[in-house]
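Taken together, the values in this text are just the output of simple stated rules run on the coordinates, not laboratory data. Keep in mind the model is a prediction, meaning the values are calculated, not measured. Cβ coordinates were reconstructed from backbone atoms using ideal geometry, including for glycine residues, and neighbour counts include every protein chain displayed.
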Amino acid sequence: MGQKVNPIAFRTGVMTGWKSRWYASKQEFGPLLVEDQTIRRFVKQRYRNAGVAKIEIERTRDEVKVILFSARPGVIIGPRGQKVDQLQEDLQNLVGRRINIKIEEITRPELQAQLVAEDIADQLSKRASFRRTIKRALEQSMEAGALGVKVQLAGRLGGAEMARREKQIAGSIPLSTLRAKIDYGFAEAKTAQGHIGVQVWINQGMYQDEESTDGADAASGQASKKPKRSYKR
């Protein structure tokens, strides 16, 4: 058995930032973590058709800032921003804090693994052929500019009596390369025979952040042999 690691958790804190950005004491950390999960679950269930790929939460002393990344922001905003105001009021009543909502538009949803996984799950729930669905998802993501895509389904595929796994890969998926921008998404398709798990990996290229001196040395294979000077007061 291989050791599977979530690509997002593998890169969080190293190449990418956290989805929840706040600090709390040991006594308050647990309740605030549950509060974040409550906000995410409420938004995802309410706007299932809005293409919400991820939700980031920032906390200050006075308010909670919720950033929604959506492929169809018009569904969330509504006419003249009425739905946003209603969502803000409902979240404030839910958590008992002041909420500030910001919406970011996703221009290419075919490159967002979570949205691709949810689209595949919706098609499977409508009794579509799983092989045809996977093939179409791979083609759309590759045409949008992805360097590689991997889709894996697990469950009673096609109504079979025994559950199994099916996967298809297109392009390159370097899961162990930290500098590779691998997006990961998971969704569940609810069918009459049971739930089918959908996993999607999309290679979006390489991170182009500025490298530090040590990073440049390691990348070129010329690690500096000179020890760093330590300063004592």
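On the stretch given as region 147-177, residues that are more than 15 Å from R131 (Cβ to Cβ) and either hydroxyl-bearing (S, T, Y) or exposed (fewer than 13 other Cβ atoms within 10 Å of the Cβ) (or both) total 5. Candidates are the residues of region 25-51 that are in contact (Cβ under 8 Å) with a residue 24 or more places away in the chain and of a type in the set (A, V, I, L, M, F, W, C); the one that is surrounded by the fewest Cβ atoms within 10 Å (Cβ to Cβ) is F42.
Taking every residue in region 65-81 that is surrounded by fewer than 17 Cβ atoms within 10 Å (Cβ to Cβ) and pairing it with any residue that is assigned to a helix (DSSP H, G or I), at least 6 positions away or on another chain, the pairs with Cβ-Cβ distances below 7 Å are G78/V84. Return yes when D122 is under 16 Å from V198 (Cα atoms), of a type in the set (D, E, K, R) and touching a residue at least 24 places away in the same chain (Cβ under 8 Å) and no when it is not. Yes; evaluated as a whole, the condition is true for this residue. The set of residues from region 115-146 being among the acidic types (D, E) and either surrounded by 15 or more Cβ atoms within 10 Å (Cβ to Cβ) or in contact with a helix residue (DSSP H, G or I) (Cβ under 9 Å, 6 or more places away or on another chain) (or both) comprises E118, D119, D122, E143. For region 29-59, a residue qualifies if it is part of a loop (DSSP other than H, G, I, E, B) and aliphatic (A, V, I, L, M), and exactly one does: A50.
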